[in-house]
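See below for the structure under consideration.
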């Protein structure tokens, strides 16, 4: 129980009352009675709250957890799995999703009294299906890790297993009982699994194998296929799928037990009610022997070989960093529809009001930093700016950055990002947008006014300022003409209707001739032999291409210099091509979405760039992709 603060009301005073120094006895009586009432009310509150209690401001209501209520109302539990991983999840002879995990979640549904719908998803997309509400739970031999627990809730552990290490029978590889025995071997794993994490940590990071000897595949069968084709030396996957792969006699199980895994059911964070119901059902299935029966039926395990799931212990959850933009405090750009005017070289402060929407408390180790801009000069000498004091969750904070406007006329946009104590970016991206306007000609103080060279009015023969110093202006913005002092030798033609921004990308099939693997080096590597990666732009702001194994498409926006590319589709097929092609494809598609600018060189190469800050804090360019151009043909 809490009360609003009591407020005293001053009685109206007669203007002439100041002449009297005497106190009205009725007023004294009213004050005494009011004080007694206040003491009486406080006493009642103290009695209600208990001895020693204090009255606190009520906390805002907690978010309602309806994760189980919604399932009860619909009578359906939607489960996401990845049906490419027998015996845990696969399509049976009747083309129905079957396996240990689907059977388990259906048994859970029977205990809870709800129908279960099991759908097949890409393993990499299970988290996304949960986040957007396509599924209530994910069950797909998911190992519980600290990284996954930071973004999802997990049920009690329902199965404990370990890895199986496969090699060709003819390879001569003996039993592997120690990570050091992987030295000199090409290792295959499934992407975004616990085995990729283990191989990276235990083998690559320790120097046992180099990074280029670890191959990650979208599906485990792709890795096994490459193993049979001598493109890999060993493959690491779950013991049960590894055991099934021995059926054709070409492969041998050469190791197991180096990495024990704990499988659990995943759901979105905050689903405490749903997690509680699933955990109750798991206890029931453990006690009535269903878990053991399913392990025998699908995994081929004898009861004495089944490791009982552990009693779960509460795991402390790390706090979450999040930030929301509230409003501009200075130089309001109205969502990039208006560019505030600044003079060349003018010093000014850009201010934002932001809100801590996470669960971590910000301190002086949190800071705002420039990350990219529409032009190299867009940083405007802005430096990283730290938070002053502490900003607790749900509090707002006014943050200012000192800037100096560029000298060259034009419009500039700079993007800034919050960083946490681990130097990781988070929150909404902030930006400052200004227009440097042309100023009046200033006569130097040591030169007579009548000897100053008069400005030459801009004419149709004047040299336009370099295009890379400004971004195209909105069509509804009136821009003053700059004052120019030189005459041209040649005037570039104005763009025609067919030469809109990005026209130089059209009518050409661009083939990748080199791509970057590491931002820390300047080396571009060539695509895998016998593969072709193509990119084609059209006039409707669409792009399509062949990524070496699959076709892809998306949308692009450009002003003739800067470019934003957004993927919209990928036609996924099985790729029986050289080893590593699917990893190359995934890397290429990631690079496309990181591109910030493009240029076409004198040699006709298309270079796609992004910018990073070097160790000195200077903005430097990195070529992500290099294309050779051919005459456009339909893809």
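Within the stretch 333-344, can one find any residue that is outside any loop (DSSP other than H, G, I, E, B) and within 30 Å of residue 560 (Cα to Cα)? Within the stretch 333-344, one or more residues are outside any loop (DSSP other than H, G, I, E, B) and within 30 Å of residue 560 (Cα to Cα). When you check residue 131 against the structure, is it assigned by TED's automatic domain parsing to the domain that holds residue 292 and modelled with pLDDT of 85 or more, yes or no? In short, yes. Taking (1) in a helix (DSSP H, G or I); (2) buried (at least 18 other Cβ atoms within 10 Å of the Cβ); (3) out of contact with any helix residue (DSSP H, G or I) (no Cβ under 6 Å at 6 or more places or on another chain) in turn, residue 212 satisfies each apart from (2). Scan the stretch 163-170 and give yes if some residue there is within 30 Å of residue 265 (Cβ to Cβ), crowded, with 17+ Cβ neighbours inside 10 Å, at pLDDT 90 or above and not assigned by TED's automatic domain parsing to the domain that holds residue 298, otherwise no. Looking through the stretch 163-170, at least one residue is within 30 Å of residue 265 (Cβ to Cβ), crowded, with 17+ Cβ neighbours inside 10 Å, at pLDDT 90 or above and not assigned by TED's automatic domain parsing to the domain that holds residue 298.
Answer with yes or no whether residue 249 is within 18 Å of residue 175 (Cα to Cα) and out of contact with any strand residue (DSSP E or B) (no Cβ under 9 Å at 6 or more places or on another chain). Here the answer is yes, as residue 249 does meet what is asked. Here the stretch 314-325 is the region considered, the condition is being surrounded by fewer than 15 Cβ atoms within 10 Å (Cβ to Cβ) and not in a loop (DSSP other than H, G, I, E, B), and the residue that is nearest to the chain's Cα centre (by Cα) is 324. A Cβ distance below 6 Å, combined with a sequence gap of six or more or placement on separate chains, defines the contacts here; from the stretch 281-298, residues that are closer than 25 Å to residue 68 by Cα reach residues that are not in a helix (DSSP H, G or I) in the pairs 282/156; 282/158. Within the option set 335, 300, being at pLDDT below 85 and at positive phi holds for one residue only, 300. Among the residues of the stretch 180-198, those that are touching a helix residue (DSSP H, G or I) at 6+ places or on another chain (Cβ under 9 Å), modelled with pLDDT of 90 or more and crowded, with 16+ Cβ neighbours inside 10 Å comprise 182, 185, 186, 187, 188, 189. The residues of the stretch 182-204 that are part of a helix (DSSP H, G or I) and touching a strand residue (DSSP E or B) at 6+ places or on another chain (Cβ under 6 Å), listed by number, are 194, 195, 196, 198, 199, 204. Among the residues of the stretch 345-383, those that are under 13 Å from residue 403 (Cβ atoms) and assigned to a loop (DSSP other than H, G, I, E, B) comprise 345, 346, 380, 381, 382, 383.
Being modelled with pLDDT of 95 or more, closer than 30 Å to residue 614 by Cβ and surrounded by 13 or more Cβ atoms within 10 Å (Cβ to Cβ) is the requirement here; does residue 387 meet it? Judged against the criteria, residue 387 is not a match.
Residues are listed down the side, and each one gets a yes or a no for (1) within 23 Å of residue 125 (Cβ to Cβ); (2) at pLDDT below 85:
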site: 62; (1), (2): no, yes
site: 75; (1), (2): no, no
site: 93; (1), (2): no, no
site: 96; (1), (2): yes, no
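In the stretch 262-280, the qualifying residues are those that are over 18 Å from residue 135 (Cα atoms) and crowded, with 20+ Cβ neighbours inside 10 Å, and the one that is modelled with the highest pLDDT is 263. Is it the case that some residue within the stretch 542-550 is over 23 Å from residue 192 (Cβ atoms), loosely packed, with under 14 Cβ neighbours inside 10 Å, at pLDDT 85 or above and not assigned by TED's automatic domain parsing to the domain that holds residue 191? Yes, that holds for at least one residue. Counting only strands (runs of 3 or more DSSP E) that sit wholly inside the stretch 513-621, not one has at least 3 residues that are free of Cβ contacts under 8 Å to residues at least 12 places away in the same chain.
Scanning the stretch 110-142 for residues that are at positive phi and exposed (fewer than 15 other Cβ atoms within 10 Å of the Cβ) turns up 113, 133. Listed here are the strands (runs of 3 or more DSSP E) enclosed by the stretch 57-173 that have at least 2 residues being touching a residue at least 12 places away in the same chain (Cβ under 8 Å) and under 25 Å from residue 248 (Cα atoms): 159-168. Report yes if residue 146 is under 27 Å from residue 319 (Cβ atoms) and out of contact with any strand residue (DSSP E or B) (no Cβ under 6 Å at 6 or more places or on another chain), otherwise no. Against the criterion (under 27 Å from residue 319 (Cβ atoms) and out of contact with any strand residue (DSSP E or B) (no Cβ under 6 Å at 6 or more places or on another chain)), residue 146 qualifies. Return a yes/no flag: does the stretch 397-412 have any residue that is assigned to a loop (DSSP other than H, G, I, E, B) and farther than 20 Å from residue 349 by Cα. No; the residues of the stretch 397-412 include none that is assigned to a loop (DSSP other than H, G, I, E, B) and farther than 20 Å from residue 349 by Cα.
The values are calculated or read from the model by the stated rules, or taken from the named source; none is laboratory data. These numbers come from a predicted model, not from an experiment. All Cβ positions, glycine included, derive from the backbone under ideal geometry; neighbour counts span all protein chains shown.
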